[in-house]
């Protein structure tokens, strides 16, 4: 078991203590192919994880289980049940009982009222959110940010080269967080809503390095900000994904899939740059085109330099 906290004797607020629960990500099964041959293939694992907050059962998520503590933390963040990472004392995951025990520092105000209404979303694995999807959209102000077409191509290529569970077994969604073309973290799960929640948890557990000097004595490190980040997903851009990206402060989202009508409406309202159908050199910008620095001459360039493409495959 590991934890992240302030040094002993420090008055600085501490990050939550997290276990590092592990579970197999794939499962071998025997199949029969189109030739009548039997063989073993890998399929993604899927397991329930019931979240208890201060001993109160909250919800059961179906998940791959790659980083369950970060998933739980990000879920609480994106459901707007906790306002700060420092509201959480610890998250303990036990796969023997398929449970995550969350201990808060001061409880969650009006938790019964705030979790009474549930909306089942269009996310794979049947995601859900508490309360109205649009409740906080009007209060979100996204920071100014730009992404060049060259950086977009770098992001798409980084995902293409990434070794993933999807490549070995399929049937999962991947999400990633980029800073420019630099891949900061990559998460796969049975539902894209789980993957983005895990990234939200990761951001909270990785505070920004101060640009100058050290934090004031007793002050908490600033959680990672989304202003200079880009969110990538293999799944479609629904209203849920757009809102969660905006809640994380990330003003640019990229998908290799498309976008829904409600996702588009929310993105336009927020001024969020939503880029879809991003594969190789092709893409469409659905909204927030003012954030995209176009370099159309790059679209004509070969995806692989001729010297490399001539080699063996």
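Distance between the modelled labels on residue 60 and residue 96, one decimal in nanometres: 2.0 nm (7 Å Cα→Cβ projection). Neighbour counts of other Cβ atoms within 10 Å put 264, 173, 193, 290 in the fewest-to-most order 290, 264, 173, 193. Shape descriptor for the stretch 20-80: Rg over Rh equals 1.19 (Cα atoms; Rh from the Kirkwood inverse mean 1/r).
No value in this document is a laboratory result; all are computed from the given coordinates. All values derive from a computational prediction rather than experimental measurement. Counting neighbours? That spans all protein chains shown, and the Cβs are built from the backbone with ideal geometry, glycine included.
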